[in-house]
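Student: Structure in structure tokens, see below.
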Amino acid sequence: MQVSAVSYAAVARTSAVARTSGVATPVTVQQALDAFNSGAAQSNVVISDSKTNIEAKIGDLLNMGSKLKTITANPSAALSFTLTADQYAASSKMLQTVFGKVTGTPNATYAVTGMDIDMPGTAMKAALADKRLSSLSITATAAEVTANFTTLAANAAKIDKVTVTDSANAIAMTGQQYLDTSAGLLTKIKDGADNAAAIKVSLSGAKVTNLVAFNGDSKITALTVKDTAANIAANLATGTGAALNNAKVATIAQTDGTATIDLTYTAFQNTTVASTLANKVLSNTNVRVTDATAAAAATLVGTNNVDKVTIKDTLAHVLTSWSVAANTAGSTEVSDTAEKISAQFSDLVTKYATDGASFSKIRISDGGKITVSKTDFDAATASGMMKKVFSGSGSSPKSRHRRLSSPRMRPGGTNRIHVYI
């Protein structure tokens, strides 16, 4: 029987008058209720009856309000019953009085049903803190579940069910919260038809490693990703099938703001990956395209959230697009044969002396030796180009520099030298 505000107040007024009648001897449930219903003066009523009788009439007994002093089962037994949220709200303090302080195993426990999560005050939190509470059924909107999710998750063992009244709307939580509660609390959150599968969820801060599972989970309608630049880059590098390309992923952010999301030029050219970069990556990420051609570098910066480019191309292409290499690229690497590098070495020395800050390395693709004029060699050495850009297998920059500073003269001439790399 549900306790109404009117009946509870009436009981309270009657008991205030009858409280002077002294302490009654133990009576049964039926005796107490008969006296109460007849309007007899009552106070400090002590009930001792069977577990079955007490549990069957607990709603009626609660209507007696402050007239009750104690309720105990005879023979001794732990009581267990169900209360509506309204009954619990009206009687929670009185329940602590009539059943006594909890020490060890409670002598009475109760399940509370139909509690609105936004009931006045802190009713839900108070109920969850009640040592006699065995389970709690809650009604809430998706937004209310979101706002109280931490509390609900911490008390999942006491929660029997959370009924979401607007289950078409998604409950928001972090990716880690979803992982932590998917086998517990989330199985208890259901729609009005008691269907947990109908609940919708949106995630924030999901990790790349969990995306395959999240993308395939019908409960999850949308998510944002927050992970390291390396993890983001590794996933995008897989191309069209990358989990980050999934329609559920709304935005991508990196946790290490100074690092770069490095993608090869080949990976960047994948149209699906390019679309992800253009539409999902947040502005606080740092995307760098590596191994781009010199001709392509000019159009890359500022495209699809790219803010850095590294060039890897032949020397002829780099020289043709030197202004791009100098002003756009974070670094420029040439990979070419010894013959082609020799033929264009003089032009390279001139351009490097003017603007060679981004020019970082020359790799001799065929392992040959470069033949250059002594004048160009001396100019390249003076500008620091020889020490900076030549890379020899197994040699440190210092050892390479010593070898280059003592070139071997070609037989029969003094105007040209062989550079051994």
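The values are calculated or read from the model by the stated rules, or taken from the named source; none is laboratory data. Please read all numbers here as calculations on a predicted model, not as lab measurements. Reconstructed Cβ throughout: ideal geometry from the backbone, glycine too, with neighbour counts over all protein chains shown.
Student: Being surrounded by fewer than 19 Cβ atoms within 10 Å (Cβ to Cβ) and of a type in the set (D, E) is the filter here; which residues of segment 254-269 pass it?
Tutor: D256 - this is the single residue of segment 254-269 that is surrounded by fewer than 19 Cβ atoms within 10 Å (Cβ to Cβ) and of a type in the set (D, E).
Student: Only one of (1) over 15 Å from T209 (Cβ atoms); (2) in a helix (DSSP H, G or I); (3) among the β-branched types (V, I, T) fails for T258. Which number is that?
Tutor: Looking at each condition in turn, T258 falls short on (2).
Student: Does T105 satisfy being modelled with pLDDT of 90 or more, of a type outside the set (K, R), part of a loop (DSSP other than H, G, I, E, B) and under 30 Å from D180 (Cβ atoms)?
Tutor: Values: modelled with pLDDT of 90 or more: yes; of a type outside the set (K, R): yes; part of a loop (DSSP other than H, G, I, E, B): yes; under 30 Å from D180 (Cβ atoms): yes.
Considered against the rule, which asks whether it is modelled with pLDDT of 90 or more, of a type outside the set (K, R), part of a loop (DSSP other than H, G, I, E, B) and under 30 Å from D180 (Cβ atoms), T105 comes out as yes.
Student: For G100, are the conditions met, namely being modelled with pLDDT under 95 and over 30 Å from T174 (Cα atoms)? Before the answer, list the steps.
Tutor: Details: modelled with pLDDT under 95: yes; over 30 Å from T174 (Cα atoms): yes.
Answer is yes for this residue.
Student: Moving on to the next point. Considering each of K67, K51 in turn, give the residue that is out of contact with any Asp or Glu (no Cβ under 7 Å at 6 or more places or on another chain), among the basic types (K, R) and crowded, with 19+ Cβ neighbours inside 10 Å.
Tutor: Values: K51 fails: crowded, with 19+ Cβ neighbours inside 10 Å.
Exactly one residue qualifies, and that residue is K67.
Student: Cβ contacts < 7 Å: first residue within 18 Å of T163 (Cβ to Cβ), restricted to segment 109-133; second residue loosely packed, with under 14 Cβ neighbours inside 10 Å, any location; separation 6+ or different chain. Result?
Tutor: So the pair list comes out as A111/D160.
Student: Going by the conditions given, is V212 crowded, with 16+ Cβ neighbours inside 10 Å, modelled with pLDDT of 95 or more, under 17 Å from the mean Cα position of the chain (by Cα) and under 30 Å from T271 (Cα atoms)?
Tutor: Numbers: crowded, with 16+ Cβ neighbours inside 10 Å: no; modelled with pLDDT of 95 or more: yes; under 17 Å from the mean Cα position of the chain (by Cα): yes; under 30 Å from T271 (Cα atoms): yes.
Spelling it out, it is not the case that V212 is crowded, with 16+ Cβ neighbours inside 10 Å, modelled with pLDDT of 95 or more, under 17 Å from the mean Cα position of the chain (by Cα) and under 30 Å from T271 (Cα atoms).
Student: Now, a different point. Name the helices (runs of 4 or more DSSP H) wholly inside segment 1-86 in which the number of residues that are within 28 Å of S135 (Cα to Cα) and at pLDDT 90 or above is 1 or more.
Tutor: So the answer is 29-38, 51-56, 58-62.
Student: Filter segment 158-204 down to residues that are of a type in the set (G, A, S) and either surrounded by 15 or more Cβ atoms within 10 Å (Cβ to Cβ) or part of a helix (DSSP H, G or I) (or both), then give me how many there are. Before you say what the answer is, go through the steps one by one.
Tutor: Initially, segment 158-204 is screened for residues of a type in the set (G, A, S), giving 167-168, 170, 172, 175, 182-184, 192-193, 196-198, 202, 204.
Those still in the list that are either surrounded by 15 or more Cβ atoms within 10 Å (Cβ to Cβ) or part of a helix (DSSP H, G or I) (or both) too: 167, 170, 172, 175, 196-198, 202, 204.
Within segment 158-204, residues that are of a type in the set (G, A, S) and either surrounded by 15 or more Cβ atoms within 10 Å (Cβ to Cβ) or part of a helix (DSSP H, G or I) (or both) number 9.
Student: Mind telling me which of the residues K369, K374, K340 ends up being of a type in the set (K, R) and either closer than 17 Å to H317 by Cβ or crowded, with 21+ Cβ neighbours inside 10 Å (or both)?
Tutor: Values: K369 fails: either closer than 17 Å to H317 by Cβ or crowded, with 21+ Cβ neighbours inside 10 Å (or both); K374 fails: either closer than 17 Å to H317 by Cβ or crowded, with 21+ Cβ neighbours inside 10 Å (or both).
Step by step, each of K369, K374, K340 is checked, and only K340 is of a type in the set (K, R) and either closer than 17 Å to H317 by Cβ or crowded, with 21+ Cβ neighbours inside 10 Å (or both).
Student: Same structure, new question: Take the conditions modelled with pLDDT under 95 and in a helix (DSSP H, G or I) and apply them to M94. Does it pass? Give the derivation first.
Tutor: Working: modelled with pLDDT under 95: yes; in a helix (DSSP H, G or I): yes.
Judged against the criteria, M94 is a match.
Student: Then there's this: Among the residues of segment 232-253, count how many are under 17 Å from V287 (Cα atoms), buried (at least 17 other Cβ atoms within 10 Å of the Cβ) and of a type outside the set (A, V, I, L, M).
Tutor: 2
Student: Sticking with this structure for a sec: Would you confirm whether or not segment 218-230 contains a residue that is out of contact with any strand residue (DSSP E or B) (no Cβ under 6 Å at 6 or more places or on another chain), more than 30 Å from D166 (Cβ to Cβ) and either crowded, with 21+ Cβ neighbours inside 10 Å or aliphatic (A, V, I, L, M) (or both)? Give the derivation first.
Tutor: Pass one, segment 218-230, residues out of contact with any strand residue (DSSP E or B) (no Cβ under 6 Å at 6 or more places or on another chain): 218, 227-228, 230.
Filter again for more than 30 Å from D166 (Cβ to Cβ), leaving 227-228, 230.
This time we only want the ones that are either crowded, with 21+ Cβ neighbours inside 10 Å or aliphatic (A, V, I, L, M) (or both), so: 227, 230.
Within segment 218-230, one or more residues are out of contact with any strand residue (DSSP E or B) (no Cβ under 6 Å at 6 or more places or on another chain), more than 30 Å from D166 (Cβ to Cβ) and either crowded, with 21+ Cβ neighbours inside 10 Å or aliphatic (A, V, I, L, M) (or both).
Student: Picking from M119, M115, which residue would you name as being over 28 Å from the mean Cα position of the chain (by Cα), in a loop (DSSP other than H, G, I, E, B) and within 14 Å of A89 (Cβ to Cβ)? Spell out how you get there, then give the answer.
Tutor: Numbers: M115 fails: in a loop (DSSP other than H, G, I, E, B).
The match here is M119.
Student: In segment 116-127, which residues are out of contact with any Asp or Glu (no Cβ under 9 Å at 6 or more places or on another chain) and buried (at least 19 other Cβ atoms within 10 Å of the Cβ)?
Tutor: A127
Student: Residues that are modelled with pLDDT of 75 or more and not aliphatic (A, V, I, L, M), at least 3 per element: which strands (runs of 3 or more DSSP E) completely within segment 315-421 meet that? So that I can check it myself, show each step before the final result.
Tutor: Working: elements: 331-336, 359-364, 370-373, 416-419.
Hits in segment 315-421: 331-336, 359-364.
Student: OK, next. Can you work out which of the residues in segment 287-314 that are charged (D, E, K, R) and farther than 15 Å from R363 by Cβ is modelled with the highest pLDDT? If you could, list the steps in order and put the result at the bottom.
Tutor: Restricting attention to segment 287-314, the residues satisfying the condition of being charged (D, E, K, R) are 288, 291, 307-308, 312-313.
Filter again for farther than 15 Å from R363 by Cβ, leaving 288, 307-308.
Values: R288: 91, D307: 84, K308: 87.
Among them, the one singled out is R288.
Student: Taking segment 148-157 as the search range and keeping residues that are more than 9 Å from L185 (Cα to Cα) and crowded, with 16+ Cβ neighbours inside 10 Å, which one is modelled with the highest pLDDT?
Tutor: Only one residue tops the list, namely F149.
Student: While we're on this one: Mind listing whichever residues of segment 289-330 are more than 25 Å from S275 (Cβ to Cβ), surrounded by fewer than 17 Cβ atoms within 10 Å (Cβ to Cβ) and either under 40 Å from the mean Cα position of the chain (by Cα) or of a type in the set (A, V, I, L, M, F, W, C) (or both)?
Tutor: Hits for segment 289-330 are A316, N327.
Student: May I ask you to list pairs of residues, at least six apart or on different chains, whose Cβ atoms are under 6 Å apart, with the first in segment 286-302 being closer than 8 Å to Y265 by Cβ and the second being among the acidic types (D, E) and outside any helix (DSSP H, G or I)?
Tutor: T290/D262; T293/D313
Student: Looking only at segment 43-66, which residues are hydroxyl-bearing (S, T, Y) and either in contact (Cβ under 8 Å) with a residue 40 or more places away in the chain or over 14 Å from F99 (Cα atoms) (or both)?
Tutor: Applying the first criterion (hydroxyl-bearing (S, T, Y)) to segment 43-66 yields 43, 48, 50, 52, 66.
Of everything in segment 43-66, those that are hydroxyl-bearing (S, T, Y) and either in contact (Cβ under 8 Å) with a residue 40 or more places away in the chain or over 14 Å from F99 (Cα atoms) (or both) turn out to be S43, S50, T52, S66.
Student: So, of the residues in segment 274-286 that are touching a strand residue (DSSP E or B) at 6+ places or on another chain (Cβ under 7 Å) and either at pLDDT 90 or above or of a type in the set (D, E, K, R) (or both), which turns out to be surrounded by the most Cβ atoms within 10 Å (Cβ to Cβ)? Full working, then the answer.
Tutor: From segment 274-286, those touching a strand residue (DSSP E or B) at 6+ places or on another chain (Cβ under 7 Å) are 277, 280-282, 284-286; that's our starting set.
Restricting the remaining residues to those that are either at pLDDT 90 or above or of a type in the set (D, E, K, R) (or both) gives 277, 280.
On the way: L277: 23, K280: 19.
Looking at residues that are touching a strand residue (DSSP E or B) at 6+ places or on another chain (Cβ under 7 Å) and either at pLDDT 90 or above or of a type in the set (D, E, K, R) (or both), I get L277.
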